[in-house]
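Below is one structure, written out as structure tokens; the observations come after it.
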Amino acid sequence: MVQYRNWATPDAAVALLRALHEGRGLSAASRERLLRWMTETPTSARRIKGLLPAGTLVAHKTGTSGTSGGLTRATNDIGLITLPDGRHLGIAVFVSDSKADEATREGVIARIARAAWEFWGGQAR
């Protein structure tokens, strides 16, 4: 299966997000365009963005494999969350080889993102 040959670790994904945030590797115009696409994407609003307060700025990129034999190989989301004080939080959540349904897999990602947001400076509601 391709996803087992074409992969990254969550740590590597966060390192890539850090480089993007710090402006390394892209021109200013390309960086701005990429962040705009990542912020405006309508895909998978129930993952990282799912349990964050309305209006929280999130630039993210999802990844999802197909489901075969009741097993979904990958349900992923990586992103930069803007915290209330203006700092940024890089996050990568990869759910691998899961038999859970899509709502459950996306809910896991949303709960992890919410916990990270609260820990690193968000306000619990």
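The values are calculated or read from the model by the stated rules, or taken from the named source; none is laboratory data. A quick note: this is a predicted structure, and the numbers were derived from the prediction, not measured. All Cβ positions, even for glycine, are placed from backbone atoms using ideal geometry, and neighbour counts span all protein chains on display. The area values use the complete protein model at the heavy-atom level, side chains included, leaving out ligands, DNA and RNA. Shrake-Rupley method; radii C 1.70, N 1.55, O 1.52, S 1.80 Å.
Considering (1) open to solvent by 80 Å² or more (accessible area, probe 1.4 Å); (2) in contact (Cβ under 8 Å) with a residue 60 or more places away in the chain, the lone condition that ALA28 does not fulfil carries the number (2). Residue-level analysis places GLY90 among those that are in a strand (DSSP E or B), in contact with a Leu (Cβ under 6 Å, 6 or more places away or on another chain) and either in contact (Cβ under 8 Å) with a residue 40 or more places away in the chain or surrounded by 14 or more Cβ atoms within 10 Å (Cβ to Cβ) (or both). Look at the stretch 104-115: where a residue is more than 17 Å from LEU71 (Cα to Cα) and a partner is assigned to a helix (DSSP H, G or I) and open to solvent by 60 Å² or more (accessible area, probe 1.4 Å), sitting 6+ places away or on another chain with Cβ atoms under 6 Å, you get ALA110/LEU51; ARG114/LEU51.
The residues listed here are GLY90, GLY107, GLY121; of these, the one that is within 15 Å of ALA59 (Cβ to Cβ) and of a type in the set (Gly, Ala, Ser) is GLY90. Taken over the stretch 80-101, residues that are under 22 Å from ALA8 (Cα atoms), of a type in the set (D, E, K, R) and modelled with pLDDT under 95 amount to 1.
Scanning the stretch 47-62 for residues that are surrounded by fewer than 16 Cβ atoms within 10 Å (Cβ to Cβ) and in contact with a helix residue (DSSP H, G or I) (Cβ under 9 Å, 6 or more places away or on another chain) yields PRO53, LEU57.
Within the stretch 72-79, is there a residue that is among the hydrophobic types (A, V, I, L, M, F, W, C), under 23 Å from ALA8 (Cα atoms), free of Cβ contacts under 8 Å to residues at least 60 places away in the same chain and not in a loop (DSSP other than H, G, I, E, B)? No, the conditions are met nowhere in the stretch 72-79.
I'd like the full set of residues that are among the aliphatic types (A, V, I, L, M), under 20 Å from TRP7 (Cβ atoms) and in a strand (DSSP E or B), limited to the stretch 48-71. Residue satisfying the conditions is LEU71 alone. Considering the conditions (1) under 19 Å from ILE109 (Cα atoms); (2) exposed (fewer than 13 other Cβ atoms within 10 Å of the Cβ); (3) touching a helix residue (DSSP H, G or I) at 6+ places or on another chain (Cβ under 8 Å), ASP11 is excluded by exactly one of them, (3).
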